[in-house]
1. Only residues that are within 16 Å of the chain's Cα centre (by Cα) and within 17 Å of Ile149 (Cβ to Cβ): list them for the range 96-130, please.
2. Among (1) modelled with pLDDT under 80; (2) open to solvent by 60 Å² or more (accessible area, probe 1.4 Å); (3) over 19 Å from the mean Cα position of the chain (by Cα); (4) among the charged types (D, E, K, R), which single condition is Asp171 missing?
3. Within the set of pairs 6 or more residues apart or between chains, which connect a residue that is closer than 14 Å to Trp38 by Cβ inside the range 51-74 to a residue that is among the basic types (Lys, Arg) and at pLDDT below 90 with Cβ atoms less than 6 Å apart?
4. Being modelled with pLDDT of 80 or more and open to solvent by less than 70 Å² (accessible area, probe 1.4 Å) narrows it down to one residue among Leu123, Leu128, Leu146, Leu154; which is it?
5. Restricting to the range 108-139, count the residues that are in a loop (DSSP other than H, G, I, E, B) and in contact (Cβ under 8 Å) with a residue 40 or more places away in the chain.
6. Going by the conditions given, is Val84 open to solvent by less than 30 Å² (accessible area, probe 1.4 Å), under 13 Å from Arg23 (Cβ atoms) and of a type outside the set (Lys, Arg)?
Amino acid sequence: MPSPTPATTYTTIPISGTDVIFRSFQNLSSFLSLLRPWPEFISNAASFNRPDSLSLAATRIRINSKYFLINYSIIITACTALSVIGNPRALLAFGLVFTLWLVLYFFREDPMVVWGHHVHDHLVTASLVFLTGIAIWNIGFVSNFLIGIGVGLLISIIHGAFRDTQGVYLDETDAASEGLISPRDYNFSS
């Protein structure tokens, strides 16, 4: 009887910091490719109307926030950047912190390795939160940041509530239920 072989252990191969940054920018590029065209975002006046109830408004906000996620993110980011445009130091700090969050947190796939040591994701997140707090505190533009984020959110919520969701399809199942595509022409199990 043959002896049992030990179980194989798979580990991740550490990559350099420059590769992490390069891959993060590739992920950012692919994420931005999901941007809906601005003419579709603005559309025509017929696609905007007052919702009949709060539940319809909430449903519209939910559907539109999924469909126009990138557009809303750009609007909120632009409003926040515009809120600090009067102070170049604040704008530079905002850009730097925003870029660090994108590269080191949102669009990073691989584990972070610094000087040959694996850095845990909790440490990366805590460091980014700490750095963001320090940057906002030192600049002294907390109220401006909050106003910019609030204005961006308000614009996004108003657009989401008043933009009719007719013709907005989040996936193939939604399109099939509206008769846009035939369910037998598409395999939904894949």
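The values are calculated or read from the model by the stated rules, or taken from the named source; none is laboratory data. Fair warning: this is a prediction, and the values are worked out from it, not measured in the lab. Methodologically, a virtual Cβ is constructed for each residue, glycine included, from the backbone with ideal geometry; neighbour enumeration extends over all protein chains shown. The accessibility values were calculated without ligands, DNA or RNA, using every heavy atom of the protein model including side chains. Shrake-Rupley method; radii C 1.70, N 1.55, O 1.52, S 1.80 Å.
1. Once the filter is applied, which keeps residues that are within 16 Å of the chain's Cα centre (by Cα) and within 17 Å of Ile149 (Cβ to Cβ), the range 96-130 yields Val97, Phe98, Trp101, Leu102, Phe106.
2. Here Asp171 clears every test but (3).
3. Matching pairs, first to second residue: Phe68/Arg36; Asn71/Arg36.
4. One residue alone meets the criteria, Leu128.
5. Total satisfying the criteria: 5.
6. No: the conditions fail for Val84.
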